[in-house]
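The values are calculated or read from the model by the stated rules, or taken from the named source; none is laboratory data. Please read all numbers here as calculations on a predicted model, not as lab measurements. We place every Cβ from the backbone using ideal geometry, glycine too, and count neighbours over all the protein chains shown.
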Amino acid sequence: MSFFDTNIISLHEQLVNKEVTAVDLVEQAFAQIEASDGDINAFISTNKEKALEQAQTIDSEGIQEGEYLKGIPVAVKDNLLIKGEKTTAGSRYLENYEAIFDSTAYSKLKEAGAVVVGKTNMDEFAMGATTETSYFGKTANPWDISKVPGGSSGGSAASVAAGQVPAALGSDTGGSIRQPASFTGLVGMKPSYGLVSRLGLIAMSGSLDTVGPMTRTVKDNAIVLQAIAGYDEAEMTSLPDPAADYLENIDAGVEGLTIGIVDELIDHEAISSDVKELVQAAIETLKAQGAQIKTVSLPHASYANDLYALIGRAESFTSMHRYDGIRFGHRAEDYEDLESLYVNSRTEAFGSETKDRIVEGAYIISKDRIDDYFFKAAQVRTLLKEDFSKAYEEVDVIITPITADTAHNLAGEREDQVGELETALAAMVNLTGLPALTLPIGQTQGLPVGMQIIGQVKDEARLYQVGQAFQTTTDHHQAHAEMNGGN
Ligand code: GLN
């Protein structure tokens, strides 16, 4: 067992009762990082000195009951800016880039007293589902280091699953919090679009990008979201109202709630029979606690993979324009004129996945194709939103699988049909701006499996309520990876 196989609430009690200090927790985090990161490579950079300094200040101020994050070590995905620290987004392009301001999500975590121990590994610019496209090497899954941890927030997932920290921030553009959380047995929240400020998040696809927490328990997740959510006047897509109270009704149970299920997304032939059974059993568990189950339909969900490919790549292409060899990061040494400065800098420092997506995005929004591809996709995106609105006239939340199977081997591949379904299951939520919570529902062949609970915009509190009801009567979230560092 690692020290951090418990949860934030129990660590908080120990801090308040002075059984441990914030400095002890930072020491524990680094002991576990030293013991296990050689195997999993969860971190791109760490900052022990700064973490210890913050912890000392916190210990001298004292921690009051209810200041849940004060003195808790956390990890942050390396696409969130921390002023004066390297922020690489997993790319050679930003290998030496030092952020010049703090991302809002980080500032808010810090304000709440959380102690950031380091920045986690990720697929380059968050483009990927395995954390294998990082310039800084692959991250491995703590449950089995021959497997991927998922991605793109694979470093954050691995770090929490290996007991290095009890919580981490990730980003989710098309599943990058929820899929790695499921591959590593964690709880992941992709909040409503605009609930958590994107200021200081290195953009992948602007209309899909979100920032959210990865934790062991539903309650811990609510605590972290509470700290980072809320209006940010410096971010133009920030939702205008303050965050709701995510803990107030978290123990209210599911009696009287109606859960929607989409038959074709559970019975889909790409989903392994073990995953199907676990999802069905999880739904039965909630039913036994008083939830009503109702079938709904999302006729346009089958287009979500294509919509994500078109809209996501078009927007990634525009996000990548800022890397011109002049303003940020890498600059080629060899160039003759402006054009070759652009070309050589980008050729040298972008990985192949990033290059592919730039080329695809350029094609999708090129003059002769933008109407047929990008604008058509935008129209179908509206139809998908309408599907969800209609479903929510009848149900409170919708449950679907989030992955079709458990984590695959490093350097292995997912079958096309499996990958496409998984992208659709995750990205339909980003395309519609809705929130979704994923949580562990069991294991098969020694690897964790999760499911997804999707809500209406700003309905995160209800998702936590359903998730908490599930974790109150099950113990899947208490299972932990066995690995180096005594974990
Ligand atoms: N796997 C998806 C992709 O490669 C999701 C990425 C993300 O959410 N950042 O695009």
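Here are a few things to note about the model shown:
- All conditions in (1) surrounded by fewer than 20 Cβ atoms within 10 Å (Cβ to Cβ); (2) in contact with a Pro (Cβ under 8 Å, 6 or more places away or on another chain) hold for GLN417, with the sole exception of (2).
- Residue match in segment 283-291 (condition: closer than 20 Å to LEU425 by Cα and either assigned to a helix (DSSP H, G or I) or touching a residue at least 12 places away in the same chain (Cβ under 8 Å) (or both)): yes
- Yes/no for ASN41 being modelled with pLDDT of 95 or more, more than 24 Å from ASN221 (Cβ to Cβ) and either in contact with a Phe, Trp or Tyr (Cβ under 7 Å, 6 or more places away or on another chain) or surrounded by fewer than 18 Cβ atoms within 10 Å (Cβ to Cβ) (or both): no
- All positions within segment 105-145 that are in a helix (DSSP H, G or I) and within 22 Å of TYR323 (Cα to Cα): GLU124, PHE125, ALA126
- All of SER156, SER152 fail the test of being touching a strand residue (DSSP E or B) at 6+ places or on another chain (Cβ under 6 Å), within 13 Å of the ligand (Cβ to nearest atom) and hydroxyl-bearing (Ser, Thr, Tyr), apart from SER156.
- Tallying residues that are closer than 30 Å to ALA377 by Cβ and either out of contact with any Pro (no Cβ under 6 Å at 6 or more places or on another chain) or in a helix (DSSP H, G or I) (or both) within segment 183-227 yields 24.
- Considering residues of segment 178-235 that are acidic (Asp, Glu) and away from the ligand (no atom under 13 Å from the Cβ) only, the residue surrounded by the most Cβ atoms within 10 Å (Cβ to Cβ): ASP220
- Some residue of segment 250-265 being assigned to a helix (DSSP H, G or I), small (Gly, Ala, Ser) and over 30 Å from ALA112 (Cβ atoms): no
- Test: residue in segment 44-54 that is under 21 Å from GLU124 (Cα atoms) and surrounded by fewer than 19 Cβ atoms within 10 Å (Cβ to Cβ): yes
- Some residue of segment 370-393 being within 30 Å of LYS287 (Cβ to Cβ) and outside any helix (DSSP H, G or I): yes
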